[in-house]
Amino acid sequence: MGKAEEFLKEERKYYGKIYAEISFAIDNTSTFLSEEDKKKRKFIVKLPSIKNYVDIIEASLGELKQEGLRSIFKGDKYTSLVKSYKSDNEASLKQLEKCYSCSCLNCISLCKFESCHGCREASNIESCDHKKINVSKYTSFTIDLINSKSGRMDKYKVLATLEDCNKNKKYIILQNLKDFNDKYILYYDTGIHEDTYGEIKDVEEFDYILTTFEEVDV
């Protein structure tokens, strides 16, 4: 097996599974969702990007098979074509990777949460009770925040965000990238131009958010 064929088969196996699982989920839930709900779901809107990618891979593999030994000298043509499409559609493909493991994928509940509207790039909802609270996790979400101990501006990794739809509040769990013991749980308000954060002064509310976070593997 040439390098081009090996690369294409690995991509087909990985993205083909994601495409099949998302398509299966859409087929299973579509009859229970309104047209408005379908328009809100990112994995429905972005599905054509991964379908096209899988189709391009399949077509390339078909041409490689037809060319036989001659493909050894033309393999890079197909690799370049596939990688070019993947690069041009990187954001959509990465988001669909997250949608594949998102709690929203097979959900048919009447959603009270922000759902896909509140989803950041390369994030997914890790846990949702369908009633009060859900927890989102992220691949590479960091923010700059003033360290209350040192007074310096430090970079923090976002471990998770939590949405409480009953209270209409969001929370964010942060960890200092220089000091893993330095963590914060704050109110989180997403704005058009910038996000804002606030201290949680209610002890019971703080403990509840901490307990909820600890129960989810992020």
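Once the piece of chain linking ASN28 and ILE143 is laid out straight, how much longer is it, given 0.36 nm per residue of separation minus the C-alpha distance between them?
Length difference between fully extended and current span is 37.6 nm.
So if I place +1 on the C-beta of Lys and Arg and -1 on the C-beta of Asp and Glu, and nothing else carries charge, what would the dipole magnitude of the chain be about its Cα centre? I want it in debye, nearest 20.
Rounded to the nearest 20 debye, it is 680 debye.
Could you name the lysines in cross-link range of LYS46, using Cα to Cα under 18 Å and dropping any fewer than eight places away on the same chain?
In chain and number order, the partners are LYS17, LYS38, LYS86, LYS94, LYS98.
Take peptides 99-109, 187-197, 82-92 and line them up by average Cβ neighbours within 10 Å, highest first, as a rough protection proxy.
Order by mean packing, descending: 99-109, 82-92, 187-197.
Which loop trypsin sites (Lys or Arg not before Pro) in the range 136-218, with loop taken from DSSP, have no more than 12 other Cβ atoms within 10 angstrom of their Cβ?
For trypsin sites (Lys or Arg not before Pro) across the range 136-218 that sit outside H, G, I, E and B with at most 12 neighbouring Cβ atoms in 10 Å, the list reads LYS149, ARG152, LYS167, LYS178, LYS201.
Quick one: Karplus J couplings for the range 108-119, per residue in order, coefficients 6.51, -1.76, 1.60, θ = phi - 60°, nearest Hz, x for Gly and Pro?
10, 5, 6, 6, 9, 9, 5, 6, 5, 5, x, 7
For the range 101-182, which GluC sites (Glu not before Pro) are both in a DSSP coil and crowded by at most 15 other Cβ atoms within 10 Å?
GLU121
Using Cα pairs under 8 angstrom and six or more residues apart, how large is the relative contact order of the chain, in percent?
Computed value for the chain: 13 percent relative contact order.
What Kirkwood radius, in Å to one decimal, follows from the Cα pairs of the range 123-214?
Hydrodynamic radius (Kirkwood, Cα pairs) of the range 123-214 is 13.8 Å.
If you find the alpha carbon centre of the range 103-172 and of the range 1-39, how far apart are they in angstrom?
A separation of 25 Å, based on Cα centres.
What area, in nm² and to one decimal, does the C-alpha convex hull of the chain cast on average over all directions?
15.4 nm²
We did not get these values from a lab; they are worked out from the coordinates using the rules stated. Values in this document were obtained by computation on a predicted structure and should not be read as measured data. Don't worry about glycine lacking a Cβ; one is built from the backbone with ideal geometry, like all the others, and counts go over all protein chains shown.
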